[in-house]
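I have placed the structure first, in the form of structure tokens, so that the comments after it can refer back to it.
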Amino acid sequence: MIDHTGVSASDFEKSKAFYGKALSAIGYALLMEFPASVTGSTDVAGYGEPPKPDFWVNRGEANRPPVHVAFRVSSRKIVDAFYQAAIAAGGRDNGAPGIRPHYHEHYYGAFVLDPDGNNIEAVCHQPE
């Protein structure tokens with residue numbers, strides 16, 4: 001089981017704003033934030049469902065190659081809301097919401113590129 005993961009952001013403030021808006025659609029919020037003086041290396045921001053963050057953004061060089069992070073959600077409606085929120089927050093389309101039958105018959109996902117080109121996805125595995 002994965003406890004937490006994250007991405008490096010070349011423009012920390014821009015990425016914090018993007019993730020704050022995009023992830024709010026799936027029920028995530030900014031739960032913790034620590035400056036470099038606390039972490040000993042860089043500024044970090046943690047998002048998740050209370051009480052614990054499981055997705056972290058840190059100030060630094062963008063991941064190269066970009067990474068793919070998928071957030072599992074409970075409904076297709078939430079996938080749609082994520083996609084709309086992420087695009088409105090400045091994300092770039094990398095696959096509009098829809099069925100991806102090559103994965104499995106109920107795989108419903110949406111893909112958006114964050115400010116550094118990371119492929120961020122919301123996916124629902126349940127039938128409609």
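The values are calculated or read from the model by the stated rules, or taken from the named source; none is laboratory data. All values derive from a computational prediction rather than experimental measurement. Every residue, glycine as well, gets a Cβ built from its backbone with ideal geometry; the counts of neighbours run over all protein chains shown. Each accessible area value is taken on the protein alone, full model and side chains, heavy atoms only, with ligands, DNA and RNA left out. Shrake-Rupley method; radii C 1.70, N 1.55, O 1.52, S 1.80 Å.
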With a 10 Å radius around each residue's Cβ, average the other Cβ atoms per peptide and rank 80-87, 97-104, highest first.
80-87, 97-104
For the range 82-97, Karplus couplings with θ = phi - 60° (6.51, -1.76, 1.60), whole Hz, Gly/Pro x
4, 4, 4, 5, 5, 5, 4, 7, x, x, 10, 4, 9, x, 4, x
Distance (nanometres) between label positions extended 7 Å along Cα→Cβ at GLU105 and SER24:
3.8 nm
Here the convex hull volume per residue of the range 14-84, taken over Cα atoms and given in Å³, is 96 Å³
Helix-only CD estimate at 222 nm, as mean residue ellipticity for the chain, using -39500 (n - 2.57) per DSSP H run (n ≥ 4)
-7000 deg cm²/dmol
Largest first and rounded to whole Å, the semi-axes √(5λ) derived from the alpha carbon gyration tensor of the chain read 26, 15, 13
Take the chain, connect every pair of alpha-carbon atoms lying under 10 Å apart with a spring to form a Gaussian network, then pick out the residue of VAL67, VAL44, VAL112 with the largest mean-square fluctuation.
VAL67
Which value, in Å³ per residue, describes the convex hull spanned by the Cα atoms of the range 77-128?
59 Å³
Mind pulling the angle between the C-alpha long axis of helix 12-24 and the longest principal axis of the chain? Nearest 10 degrees, somewhere in 0 to 90.
40 degrees
Express the accessible area of the range 17-106 per residue in Å², computed with a 1.4 Å probe while the remaining protein chains stay in the model.
57 Å²
Counting only protein heavy atoms, what percent of the accessible surface of the chain is carbon or sulfur at a 1.4 Å probe?
53 percent
Tell me the net charge near ALA9. Cut-off is 11 Å between Cβ atoms, ALA9 excluded, with +1 for each Lys or Arg and -1 for each Asp or Glu.
-3
Would any residue of the range 1-25 have its amide N under 20 Å from a label point 7 Å out along Cα→Cβ of ASP54? List them or say none.
1-8, 19-25
Considering only the chain, percent of DSSP beta bridges that pair antiparallel, nearest 5
70 percent
For LYS52, which aspartates and glutamates qualify as cross-link partners when the Cα separation must be under 15 Å and same-chain residues fewer than eight apart are set aside?
ASP3, GLU33
